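The next block holds one structure in the form of structure tokens; read it before the comments.
The values are calculated or read from the model by the stated rules, or taken from the named source; none is laboratory data. These numbers come from a predicted model, not from an experiment. With ideal geometry, Cβ positions are generated from the backbone for all residues, glycine too; neighbour counts draw on all protein chains shown.
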Amino acid sequence: MKRINTLLTCAAAAASLSGWAQGNLDFRPGNGLSAQSADGLYRMSMGGSVQLLTVGSSAPSPSFAAYPSLGFMRLQGSSKPESAEFFVQMNFAEPTPLLDAWVRFKTKWSSRITLGQMQNVSNGLEMLVYEDVQSLPWRSIASQAFARSGREAGLLMDHRWVRDRWSLGVFAQVTSGDGRNSFGVDSRDVDLGGLKYSGRLEAGLGEPMPDNRVLQLASFDRKSRVLWGISGSYNRGASDAIGEGHGTFQMFRGAESAYPDYRKWTADVLAMHRGWSLYGQTTVATATGLQGLQRTPSASSLLRPQEISGYLNLGRSFLAQVEYVHPSRWAAVVRRSLVLSEFGSYSASLTTDQVETFVGINRYVVEHNVKIFAGYRSLEFASSPAENSWVAALQMRF
């Protein structure tokens, strides 16, 4: 029923665009159907994307699957007099489609305040790139080991200084630490831990990223730029393996409920030059506040240090990705990812040592708006057979 209501809301918004726009209606691939008031002060647009994915595996056992991996619908708008904008993004290829739903205000000092469900800035640049503008069909294991969608409900404040050849951005965020769509089943389903505090610092050299362009790792404009970022988060009382949920596990101090704190640090760099793009990322996830934690109210079930890795995803990850986009819009991309568990010898650890190699060719017909991908992926584990698969994808972003 919720999905039907969402679809009806989007359809009603699209149907009202032409009347509201007073004849100023426009459609562009990637930007969707947009309407603007006669004085240019108000704007609304509706769009989406569809990605069809085919995966054939040869090991450890032959398999084949073809399915729509993305079914995005987006609705966004802005009001210049109020210095406000809103954004709603859903993926109907998932059981719970809502991804982003926020409203943003710009202050007189050019700072921005965002309220709602949005991407968490502590997850690194790859997680801040939307799913339908990735260079490969899905994100790396380096990011997926310590994040899911990366969305959470909360408040974000940021400020950017942009000059001709450099830029600096500061982000501060407070979120629920429950992940996306974590509003509870009913009034009794409440957050079992505390809030998550996140921050990010970005510094750029060279040609600044255009404000009206969706963040992506591919280099289409062939400009030269370097963007460094460092981010971190502190989740007080995490009750989910990566701090994007609640109630996954229960712990105690004596007879009272208690939970460990989950910390994560990420550093990333993106360099672009004449169609080349090089991206690197490293993440460290640790736990603290373990003193006196018990698995049950019984004092005899005291948690040993390595056992925390059976409840939280702990360890390190590294990522390197290189892509070259030819002026003809043919592109070659290579990604290498590594995940290392904090307690590699502990058999019950949620994080396992693994290596991912992904090689592919992109045909950007109209950049990410019409894209064809074909590639090969290998996933190697320390103590189990490797997984090898061929991947093909067709995407249209409207």
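Restricting Ala271, Ala258 to residues that are without any contact (Cβ under 8 Å) to a residue 40 or more places away in the chain, of a type outside the set (Ser, Thr, Tyr), more than 20 Å from Ala348 (Cα to Cα) and out of contact with any His (no Cβ under 9 Å at 6 or more places or on another chain) narrows the list to Ala258. One residue stands out among those in the range 171-210 that are surrounded by 21 or more Cβ atoms within 10 Å (Cβ to Cβ) and at positive phi: the one that is modelled with the highest pLDDT, which is Gly177. Residues of the range 104-128 that are buried (at least 22 other Cβ atoms within 10 Å of the Cβ) and not polar (S, T, N, Q): Met118, Val121, Gly124, Leu125, Glu126, Met127.
Restricting attention to the range 55-101, report how many residues are in contact (Cβ under 8 Å) with a residue 60 or more places away in the chain, among the hydrophobic types (A, V, I, L, M, F, W, C) and either surrounded by 14 or more Cβ atoms within 10 Å (Cβ to Cβ) or under 22 Å from Val121 (Cα atoms) (or both).
Of the range 55-101, the ones in contact (Cβ under 8 Å) with a residue 60 or more places away in the chain are 55-60, 69-70, 72-73, 75, 90, 92, 96-99.
With the extra rule that they be among the hydrophobic types (A, V, I, L, M, F, W, C), the set shrinks to 55, 59, 70, 72-73, 75, 90, 92, 98-99.
Adding the requirement that they be either surrounded by 14 or more Cβ atoms within 10 Å (Cβ to Cβ) or under 22 Å from Val121 (Cα atoms) (or both) leaves 55, 70, 72-73, 75, 90, 92, 98-99.
Residues that pass the stated criteria total 9.
Considering only residues of the range 145-161 that are surrounded by fewer than 19 Cβ atoms within 10 Å (Cβ to Cβ) and either closer than 21 Å to Pro95 by Cα or not charged (D, E, K, R) (or both), which is nearest to the chain's Cα centre (by Cα)? Ranking the candidates gives Arg148 first. For the range 289-303, filtering for residues that are modelled with pLDDT under 90 and either of a type outside the set (Ser, Thr, Tyr) or under 19 Å from Gly243 (Cα atoms) (or both) leaves 1.
Of the candidates Ile308, Ile230, the single residue that is assigned to a strand (DSSP E or B), in contact with a strand residue (DSSP E or B) (Cβ under 9 Å, 6 or more places away or on another chain) and hydrophobic (A, V, I, L, M, F, W, C) is Ile230.
Which one of these is more than 22 Å from Val325 (Cα to Cα), surrounded by fewer than 19 Cβ atoms within 10 Å (Cβ to Cβ) and not aliphatic (A, V, I, L, M): Thr288, Thr283?
None of the other options fit; the residue is Thr288.
Pairs are defined by a Cβ separation below 8 Å, a sequence spacing of at least 6 or placement on different chains, a first member in the range 373-387 that is over 20 Å from Ser69 (Cα atoms), and a second member that is among the small types (Gly, Ala, Ser); the pairs so defined are Glu380/Ala386; Ala382/Gly344; Pro385/Ala59; Ala386/Ala59; Ala386/Ser378. Among the residues of the range 335-373, the ones that are part of a strand (DSSP E or B) and either closer than 30 Å to Gly32 by Cα or not acidic (Asp, Glu) (or both) come to 25 in all. Note on the range 119-158: residues that are within 25 Å of Tyr311 (Cα to Cα), part of a strand (DSSP E or B) and in contact with a helix residue (DSSP H, G or I) (Cβ under 9 Å, 6 or more places away or on another chain) total 1. Screening Phe64, Phe72 for residues that are in contact with a helix residue (DSSP H, G or I) (Cβ under 8 Å, 6 or more places away or on another chain) and part of a strand (DSSP E or B) leaves exactly one candidate, Phe72.
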